[in-house]
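Remarks on the structure that follows.
The values are calculated or read from the model by the stated rules, or taken from the named source; none is laboratory data. Please read these numbers as outputs of a predicted model, since none were measured by experiment. Virtual Cβ from ideal backbone geometry, glycine too; neighbours counted across all protein chains shown. When the accessible area is computed, the model is the full protein with side chains, heavy atoms only, and any ligands, DNA or RNA have been set aside. Shrake-Rupley method; radii C 1.70, N 1.55, O 1.52, S 1.80 Å.
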Amino acid sequence: MGNYIFNRSNNLDFGMSNGGLTVFLTVLGLSGTLSANTKKEKELILWLMEHDIEVRGLGNGGFDVEDIPWDVINFEIEKEFLVNVIQGAKQKIGWDTLDYVPNEELIMSYLGSFMEMIRILAPENIKKDEYKEWINLGIRDKRFKNPEGYPKCEKHGILLYWNGCIACNDK
Ligand SMILES: [Zn+2]
């Protein structure tokens, strides 16, 4: 069983254990929350946090980078934002808030593969309606709505998605 991150158009993927995915998303959340300034940047981080196996189910936390709710007009800027978030994660931003020490070798390899997938993602391969559909899901069903005012976890400083903090959920 594994959680796979894909870049379908470029035939790339890598798999992670359930624990591996949680750490991968957690370190992105730590770096991403610090880097996110605009509403859309915060939303991109929340979209990642929602892949928490706590709500997706074991082995179901993976995603395709083409399915990230990119903005067609600001695609290159958003890509650069995510690349910076990954770079921050590689610099271990916020790792001192965790109760454990991530397996550095594994996490760096996941982050490197993810960065490559984001970098080579071409605008023609993103889905134009993904953002609208994602936001509409939260409007149709309030359970999946992004928390008002973008609150952060007091302990980890990570943006809270509709089911809380990905690091606190990891028990
Ligand atoms: Zn937390």
Tell me which lysines have Cα within less than 18 Å of residue 39's Cα, excluding those fewer than 8 residues away on the same chain?
79, 132, 145, 152
Suppose the chain between residue 155 and residue 135 were pulled fully straight at 0.36 nm per residue; how much longer would it get relative to their current alpha carbon spacing?
4.5 nm
Report the residues of the range 50-77 in range of a label on residue 40: point 7 Å along Cα→C-beta, backbone N strictly under 12 Å from it.
69-77
What is the local net charge at residue 99, summed over the other residues whose Cβ is closer than 12 Å to its Cβ (Lys, Arg +1; Asp, Glu -1)?
0
Cα centroid of the range 76-150 to Cα centroid of the range 1-68, whole Å:
6 Å
Would you mind telling me the share, in percent, of accessible area of the chain contributed by carbon and sulfur at probe 1.4 angstrom?
50 percent
At 7 Å along the Cα-to-beta-carbon direction for both residue 101 and residue 116, put a label point, then send me their distance in nm to one decimal.
2.7 nm
When ligands, DNA and RNA are left out and all protein chains stay put, how many square angstrom of accessible area per residue does the chain have with a 1.4 Å probe?
50 Å²
Could you grab the relative contact order for the chain? Cα pairs under 8 Å, six or more apart, rounded to a whole percent.
30 percent
With n ≥ 4 as the cut-off for DSSP H runs, can you work out [θ] at 222 nm for the chain, using -39500 (n - 2.57) per run divided by the number of residues, rounded to the nearest 500?
-14500 deg cm²/dmol
Phi-based couplings in Hz for the range 9-18 (Karplus 6.51, -1.76, 1.60; Gly and Pro marked x)
5, 9, 6, 10, 7, 8, x, 9, 5, 4
